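Shown next, in C-alpha cells, is the structure this report addresses.
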Amino acid sequence: MNLDARVLPMRFSADVAAMADFLAVLGLRRVRESVDGEYVVLDGSAGSVAVHAAEPDGSGTGLTTLNVLLADLPDGAAALADTGLDATTWDEAYGMQGAVWLPAIGAVGLNEAHPADLHGYRSLPARLLPKGGLAPRIPGAKPPFGSEDDGGSAGPSPIRVLAVRYSDNFTADAALFACLGFRPAGSLEDPWWCVLEAGSQAGAIGLHAGRQGGPAPTEAPGGDWLDHPALVGLGFETAEPLDALAARLRANGHGARLEVDEAGPKVVVTDPDGQVLEVHPEVSGP
C-alpha cells in the first residue's frame, strides 16, 4: 500500500511561539499557523513538524505524538480500514482529520496534506520570500528565520525530520508502519537503530532500541483512543555543516554543543520545552 504519507510529529508545548521559533532557527520553514497562535506547522526538506499548545495547566508539555500527512485522507483512511485496521476520519472547522490504531503502538493521527478549508488558519510560503518580501504572520510574532528582518538567507530547508519510536521489537513495529508506506531502509537486525522511509520527501520513522513510557494496549481501548497516542521523539538530519548549525543555535540563545559518539558527530541541544534533541549529518534516502 502506498498512501503518499509524510511524517508530522506533533509537539505539545507550553510556549508555541518559542518552540516554533526554535525549529525555524534549526532550519525548518513555517508553512501554516493558526490565527490564535496555538498551532504552527513547519516543513523540512523531508517531513514536517507541528507545534500544538499544551493544556492550560502545562500538562503534556514536551510530549510528541506521531501524525502523518496524507495526500488523500479519506481514501487513505479507507485503505487502512480495508486492511483490517481501526481507522476513522472526521470533519473539523480546519479540514479533515483522522486516526488509525496500530496495536501496541497507539493512535497515529492522520492529517490532510493540502486542506481546502483553512478556517482559523493561514498558509505561509513553503520557502522564505525573496529579500524585501515578508510572509504574513500572526501580529506581533517574530520574523521567520532567514527573512530579511532576521538577517538570514532564503532557500529550501536543509532539515530532514525523523519521528523516533523507542521500540523493543523492530520487526513487529516495521510491519505495522508498513501500512503507512514506511519500510526499512536498512537491516532490522541492527540491535540499536533502523530507519523506515516512504520516499525522498516523507521524512522518516526511526526505530531506536528501548521503551518510551508504558506500552500501548494491543487492542483499541474503549472510549476515546486518542487518549492513547503513538508517542515519538523528535530527531533531525541536516545537510548544513554541523558547526554552522551549532553556532547559529548558540547565537539565538540555545546552548547547542557538538558531540561525537559511536554513531558519528551530532549537534545536541535542549529545546524550549526542556527536551534534549539531536541533529545528525544528512544520510542519503531512497
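Overall shape: prolate for the range 1-78, with the ratio a/c of the largest to smallest alpha carbon gyration tensor axis at 1.5 or above and a/b above b/c. Of the GluC sites (Glu not before Pro) found in the range 6-114, those that fall in a DSSP loop while having at most 13 other beta-carbon atoms within 10 Å are Glu92. Near the amide H of Arg32, within less than 5 Å, lie the amide hydrogens of Val41, Leu124, all on another chain or at least 5 residues away, with H placed in the peptide plane.
Give me the extension gain from Val31 to Asp227: residue separation times 0.36 nm, minus the current Cα-Cα distance, reported in nm with one decimal.
Net length gain for the segment: 67.8 nm.
Take the Cβ atoms of Glu55 and Asn252, set R0 to 22 Å, and the FRET efficiency comes out at 0.20. When peptides 8-20, 258-270 are sorted by average Cβ neighbour count within 10 Å, with the highest value leading, the order is 8-20, 258-270.
Each part gets one Cα centre, and for the range 56-106 versus the range 163-177 those centres are 17 Å apart. Put simply, the Cα atoms of the range 22-119 extend 41, 30, 27 Å along their principal axes, the longest span coming first. Backbone N atoms of the range 49-71 closer than 17 Å to the 7 Å Cα→Cβ label point of Asp91 are not found in any residue. Here's how it looks for Ala14: its modeled amide H is under 5 Å from those of Ala54, Gly62, which are all 5 or more places away or on a different chain.
No lab work stands behind these numbers, since they all come straight from the coordinates. Note that the coordinates shown come from a computational prediction; the quantities given were computed from them, not determined experimentally. Ideal geometry is used to build each Cβ from the backbone, glycine not excepted, and the neighbour counts take in all protein chains shown.
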